[in-house]
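This report concerns only the one structure given below.
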Amino acid sequence: MQDAAPSPVGGLGVVFLVAQPGLETVLLSEAIAAGFADAQLVPGGVEIAGGLAVAIGANHILRRAVRVLWRVAAFRALHLAQLDKRAKKLAWLDWLRPDQPVRVEAVCRSSKIYHDKAAVQRIAGAITAAGITVASDATLVIKARIEDDLCTISIDTSGEPLHRRGHKTFVGKAPLRETMAAGFLWQMGFDGSQAVVDPMCGSGTIVLEAAEIAAGLLPGRSRDFAFAHLVGGGNEGRCPSRSPGYLENEEGGVRFFGYDRDDGAIRGAQGNAARAGTSAICHFTRQAVSDLMPPEGIAPGIILTNPPYGARIGERKLLFAVYGALGATLRARFAGWKVGIVTPDKGLAQATGLSLAPLGPVDHSGTKVWLWQGVIG
């Protein structure tokens, strides 16, 4: 019987947007709002139809995606010899350049082919046979997933994870990833028009994400992507700075505020804001939680913060006083503001004395965290 040729996924290809575990629906909402009308929720993220051009656009504009995979082919493989034969039939040179080395990764689940390393060897051999160098330290990654005997081949078009925006060089202790900050801001109802306050801002991730969204700045504007090393990927140019059709806010003014008791964190956040181009609308000040006051002349907006929670910094029992002080300050001075606190610890959230409901969980580097949110009465 003649061996069937592999076929492209969906004819023209499929782009898979990897989500932070727990924020899949948040990513779906962003993809639809960004114009990917055919976006659909699948395990692990969101699928949209299209090829390399669609993948490039997704890398440039999506704030909540972890990375963007271009699924280029799929075929059945019941044993390693069949995997080898069918992988060699793929048009690798339609996607990969001979002058750019690649790395191969494979995952096998519920399949007759169960050895990940053996699958890597066969696919790497097929790529090498096409005249492309395979190297363990290459930045361009080919991902193979063999599940229920179906082998799906994807190209990682992102390279570095997308939370690495490219302009935030100072990173504080236990930082929140930018992709998560963007997702939590959306869950808080942030649309760019409200003021945002972070009482424990660290390196300023939440404040900077809010400011960039309000300013229409695209997340991919300051970094490079793996797709530039693909056939046709270098012809698209760099990411534009702002969203198409964005209009400058003539009112201007500072609407995004970060506070921290660590002077080094504040200096680092200020530097991050300068590199991001948001210094004009961000304000960072060294200040204790108990000294927090609503910004003058600002309507009630959103308070969103990622405080320490024991497992990361300090002992849990010492943090009850910190959360208690935060809650007391907010209750006394911030009536009408929305509040969101990111923590895995229900007890610490309750220590604020605020009426908060949890959303989640979301996987944050192996720790399940919840967004505890409410409105201050």
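The values are calculated or read from the model by the stated rules, or taken from the named source; none is laboratory data. Computed from a predicted structure; not experimentally measured. Quick reminder, even Gly has a Cβ in these numbers, built from the backbone with ideal geometry, and neighbours come from all protein chains shown. Areas reflect the complete protein model, heavy atoms only, side chains present, ligands, DNA and RNA absent. Shrake-Rupley method; radii C 1.70, N 1.55, O 1.52, S 1.80 Å.
Every residue in segment 222-240 that is open to solvent by less than 30 Å² (accessible area, probe 1.4 Å) and either at pLDDT 90 or above or polar (S, T, N, Q) (or both), please.
Just the residues of segment 222-240 that are open to solvent by less than 30 Å² (accessible area, probe 1.4 Å), to begin with: 223, 225-227, 230, 233, 239.
Passing the criteria: Arg223, Phe225, Ala226, Phe227, Leu230, Gly233.
For segment 281-314, give me each residue that is open to solvent by 60 Å² or more (accessible area, probe 1.4 Å) and either at pLDDT 95 or above or within 12 Å of Met200 (Cα to Cα) (or both).
His283, Arg286, Ser290, Asp291, Met293, Ala299, Pro300
Residues Lys317, Lys338: which one is closer than 18 Å to Ala181 by Cβ and either open to solvent by 60 Å² or more (accessible area, probe 1.4 Å) or touching a Phe, Trp or Tyr at 6+ places or on another chain (Cβ under 9 Å) (or both)?
On the way: Lys317 fails: closer than 18 Å to Ala181 by Cβ.
So the residue among Lys317, Lys338 that is closer than 18 Å to Ala181 by Cβ and either open to solvent by 60 Å² or more (accessible area, probe 1.4 Å) or touching a Phe, Trp or Tyr at 6+ places or on another chain (Cβ under 9 Å) (or both) is Lys338.
I'm told Tyr114 meets every condition in (1) modelled with pLDDT of 95 or more; (2) touching a strand residue (DSSP E or B) at 6+ places or on another chain (Cβ under 7 Å) except one. Can you identify the failing condition by its number?
Of (1) modelled with pLDDT of 95 or more; (2) touching a strand residue (DSSP E or B) at 6+ places or on another chain (Cβ under 7 Å), only one is false for Tyr114: (1).
Would you confirm, using the coordinates I've provided, whether Gly202 is surrounded by fewer than 20 Cβ atoms within 10 Å (Cβ to Cβ) and either among the β-branched types (Val, Ile, Thr) or on the phi > 0 side of the Ramachandran plot (or both)? Outline the logic, then answer.
Working: surrounded by fewer than 20 Cβ atoms within 10 Å (Cβ to Cβ): no; either among the β-branched types (Val, Ile, Thr) or on the phi > 0 side of the Ramachandran plot (or both): yes.
So Gly202 fails the test.
One line per residue, one yes/no per condition, for (1) crowded, with 24+ Cβ neighbours inside 10 Å; (2) among the small types (Gly, Ala, Ser); (3) over 30 Å from Val254 (Cβ atoms):
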residue	(1), (2), (3)
Lys143	no, no, yes
Leu150	no, no, yes
Ile153	yes, no, yes
Gly159	no, yes, yes
Pro175	no, no, no
Met188	no, no, no
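Within segment 271-301, how many residues are under 20 Å from Ser241 (Cα atoms) and not basic (Lys, Arg)? Write out each step before concluding.
Here is the first cut: in segment 271-301, the residues under 20 Å from Ser241 (Cα atoms) are 271-282.
Subset that is not basic (Lys, Arg): 271-274, 276-282.
The total comes to 11.
Here's the yes/no breakdown for (1) assigned to a strand (DSSP E or B); (2) over 27 Å from the mean Cα position of the chain (by Cα):
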site	(1), (2)
Ala269	no, no
Pro300	no, yes
Leu319	no, yes
Ala335	no, yes
Gly340	yes, no
Leu348	no, no
Val369	yes, no
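Got at least one residue in segment 127-140 being over 30 Å from Arg333 (Cα atoms), open to solvent by 20 Å² or more (accessible area, probe 1.4 Å), in contact with a Phe, Trp or Tyr (Cβ under 7 Å, 6 or more places away or on another chain) and not in a helix (DSSP H, G or I)?
So the first thing to find is which residues in segment 127-140 are over 30 Å from Arg333 (Cα atoms), and the list is 127-140.
After this cut, where a residue has to be open to solvent by 20 Å² or more (accessible area, probe 1.4 Å) as well, the list is 128-131, 133-137, 139.
Narrowing further to those that are in contact with a Phe, Trp or Tyr (Cβ under 7 Å, 6 or more places away or on another chain): 130.
Next, only the ones that are not in a helix (DSSP H, G or I) stay: 130.
Looking for residues that are over 30 Å from Arg333 (Cα atoms), open to solvent by 20 Å² or more (accessible area, probe 1.4 Å), in contact with a Phe, Trp or Tyr (Cβ under 7 Å, 6 or more places away or on another chain) and not in a helix (DSSP H, G or I), one finds at least one in segment 127-140, hence yes.
Restricting to segment 171-219, what's the tally of residues that are polar (S, T, N, Q), under 20 Å from Pro308 (Cβ atoms) and not in a helix (DSSP H, G or I)?
Taking segment 171-219 and keeping what is polar (S, T, N, Q), we get 179, 187, 193-194, 203, 205.
Then keep just the ones that are under 20 Å from Pro308 (Cβ atoms); that gives 203, 205.
Pick out the ones that are also not in a helix (DSSP H, G or I) and you get 203.
So the answer is 1.
Residue by residue through segment 46-56, note down the ones that are closer than 19 Å to Pro219 by Cα and in contact with an Asp or Glu (Cβ under 9 Å, 6 or more places away or on another chain). If you could, list the steps in order and put the result at the bottom.
Pass one, segment 46-56, residues closer than 19 Å to Pro219 by Cα: 46, 52-56.
The answer is Val46, Leu52, Ala53, Ile56.
Residues of segment 161-171 being surrounded by fewer than 19 Cβ atoms within 10 Å (Cβ to Cβ) and not polar (S, T, N, Q), which ones?
Those that are surrounded by fewer than 19 Cβ atoms within 10 Å (Cβ to Cβ) and not polar (S, T, N, Q): Pro161, Arg164, Gly166, Phe170, Val171.
Hey, which of the strands (runs of 3 or more DSSP E) in segment 19-90, taking only ones fully inside, have at least 1 residues that are among the acidic types (Asp, Glu) and surrounded by 18 or more Cβ atoms within 10 Å (Cβ to Cβ)? Talk me through it step by step, then tell me what you get.
Details: elements: 40-42, 45-49, 65-76.
Result: 45-49.
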